Amino acid sequence: MEYAVGNFLHFLPDDGTTYRFQNFFINETITYQGNSFGFIPFGFSGVTINRTGDNTEATLVFPNNDLSRRWAIDAVQNYWLARVQVMLLDPDDRTSFTQMHEYYGRIAQGRWDEASLNLTLNTVLDGVGADVPVRRLTQKLIGAIPVSNGIVLR
């Protein structure tokens, strides 16, 4: 029995849609946990941690072409959320998967060169405090913002 490592990728834009892809079974759509994952070629760098341990980053790498640049620009500008599942796969069985690791990150930046398009994912959790990082309260997030200083957060 032979095993390999592949990735299942979920892109979660703020509009409520979900895009699902896998990078192992070429030109095939795989069903996992009731969801369909189409094939696109991509790489996942795994997680890197800075010296202080307060931030973890990962990178998604795609081929650079007109199609990938179009949606990648939207993903960077709108800070899409990404979920990557690192899976142990049996190349001969399209139904047997074991999840080894799962990573959630927000697309923080993107860049491309002649051959590749790279998206940097920042973690949505603070690695030191094990807490959600501080967010700026904006009208888009919470609606009308009060103008008095008597605000209580619960």
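Out of everything in segment 17-41 that is aliphatic (A, V, I, L, M) and farther than 15 Å from F97 by Cβ, what residue ends up being farthest from the chain's Cα centre (by Cα)?
I26
Being outside any helix (DSSP H, G or I) and under 17 Å from T17 (Cβ atoms) is the filter here, so list the residues in segment 70-92 that pass it.
N78, Y79, W80, L81, A82, R83
Evaluate the following for A130: is it at positive phi and either out of contact with any Phe, Trp or Tyr (no Cβ under 6 Å at 6 or more places or on another chain) or modelled with pLDDT of 85 or more (or both)?
It is true that A130 is at positive phi and either out of contact with any Phe, Trp or Tyr (no Cβ under 6 Å at 6 or more places or on another chain) or modelled with pLDDT of 85 or more (or both).
What is the residue count in segment 81-101 for residues that are modelled with pLDDT under 90 and either small (G, A, S) or under 13 Å from S45 (Cα atoms) (or both)?
Qualifying residue count for the region: 2.
Got a number for residues in segment 1-45 being in a strand (DSSP E or B) and farther than 21 Å from A108 by Cα?
Within segment 1-45, residues that are in a strand (DSSP E or B) and farther than 21 Å from A108 by Cα number 12.
Give me the pairs: first residue in segment 1-19 and buried (at least 16 other Cβ atoms within 10 Å of the Cβ), second residue among the small types (G, A, S) and part of a strand (DSSP E or B), beta-carbon distance under 6 Å, and six or more apart or on different chains, which are they?
Listed by first residue and then by second, the contacts come to F11/A82.
Can you tell me which residue in segment 80-127 is surrounded by the most Cβ atoms within 10 Å (Cβ to Cβ), limited to those that are small (G, A, S) and within 29 Å of R69 (Cα to Cα)? Quick ask: steps written out before the conclusion?
To start, the set of residues in segment 80-127 that are small (G, A, S) comprises 82, 96, 105, 108, 110, 115-116, 127.
This time we only want the ones that are within 29 Å of R69 (Cα to Cα), so: 82, 105, 108, 110, 115-116.
Values: A82: 21, G105: 23, A108: 13, G110: 18, A115: 9, S116: 14.
So, considering only residues that are small (G, A, S) and within 29 Å of R69 (Cα to Cα), the one surrounded by the most Cβ atoms within 10 Å (Cβ to Cβ) is G105.
The values are calculated or read from the model by the stated rules, or taken from the named source; none is laboratory data. These numbers come from a predicted model, not from an experiment. Note: ideal-geometry Cβ built from the backbone for every residue, glycine included; neighbour counts use all protein chains shown.
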